[in-house]
Amino acid sequence: MSFSVICARQELVSVLLACCIGGYSASAQQTRPAAMQGYQQALPVHVVSIRLSTFGGTCECCPGDELKVRPGEAMLLLTFSRECHQQDSRRYRDLRVNADLSGKHWQALQRLVDHDALFALPVRIGCASCYDGIDELIEVKFSDHSKKSVTFPMGSAPKEISALSEKLLSLEAKLRDELPIGVKSW
């Protein structure tokens, strides 16, 4: 056999091998997403965490409020700006209240979230904080790693999340009762 024939055969074998490997890889890539998609569809999407934040107003050193809720726990965090910390670090210190949340209460909150209705809402509805008012932000994270947040003037939640807003504000008020006496007035 001549050298050119041997090279041509090796090249042919290499091309065939590459085609076989490429074909296997392409078919594997096409079947895996379909299999994963079917697996993901079998598991219902559920809420994994909910966050309520209120901000704005005319108070110079009012705290930013953030309530985080997830299975088994609720946490309220009050934070002040750096300027307020520098003004009086003892009075304007960040505060945190942790509380246990029963499975019953978590399930009640989950039932107030309609995934499709929430995602149909715009990200922002009005801007009270633009005019010295107070805005609420509700953010919901789901088991499929999606999340949606909606910002609206406090007390004006869209009907799709108004019951959720009321429950979260009620829970925030209960956790605020656990704060030191001088802090509750903010």
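Between Gln110 and Asp94, the simple label model (points 7 Å from Cα in the Cβ direction) yields a spacing of 3.0 nm.
Can you list the aspartates and glutamates whose alpha carbon is less than 18 Å from that of Lys147, not counting same-chain residues fewer than 8 positions off? List returned: Glu66, Asp114, Asp116, Glu136, Glu139, Glu160.
For the stretch 44-131, give the percent of accessible area contributed by carbon and sulfur heavy atoms, probe 1.4 Å, rounded to a whole number.
Numbers: 2700 of 5490 Å².
With neighbouring chains kept in place, the figure for the stretch 44-131 is 49 percent.
Taking 0.36 nm per residue of separation and subtracting the current Cα-Cα distance, fully stretching the chain between Glu73 and Tyr131 would add 17.5 nm.
The residues of the stretch 54-186 expose, per residue, 60 Å² of accessible area to a 1.4 Å probe. Applying 1/(1 + (r/R0)^6) with r as the Cβ-Cβ distance of Lys174 and Leu43 and R0 = 25 angstrom yields a FRET efficiency of 0.15.
Scan the stretch 103-186 for trypsin sites (Lys or Arg not before Pro) in coil per DSSP, keeping those whose Cβ has at most 14 other Cβ atoms within 10 Å, and list them by number.
Numbers: sites: Lys104, Arg111, Arg124, Lys141, Lys147, Lys148, Lys159, Lys167, Lys174, Arg176, Lys184; in loops: Lys159, Lys184.
Of the trypsin sites (Lys or Arg not before Pro), the ones in loops of the stretch 103-186 whose Cβ has at most 14 other Cβ atoms within 10 Å are Lys159, Lys184.
With the cut-off at 1.5 for a/c, could you classify the stretch 65-119 from its C-alpha gyration tensor as rounded, prolate or oblate? Since a/c reaches 1.5 but b/c is at least a/b, the shape of the stretch 65-119 is classed as oblate. Judged by the gyration tensor of its Cα atoms, with axes a ≥ b ≥ c, the stretch 86-186 is oblate; a/c meets the 1.5 cut and b/c is at least as large as a/b.
The values are calculated or read from the model by the stated rules, or taken from the named source; none is laboratory data. As the structure is a computational prediction, the values presented were derived from the model and not from experiment. Cβ: placed from backbone, ideal geometry, glycine included. Neighbour counts: every protein chain shown. We work out accessible area using only protein heavy atoms, side chains counted, and drop any ligands, DNA or RNA first. Shrake-Rupley method; radii C 1.70, N 1.55, O 1.52, S 1.80 Å.
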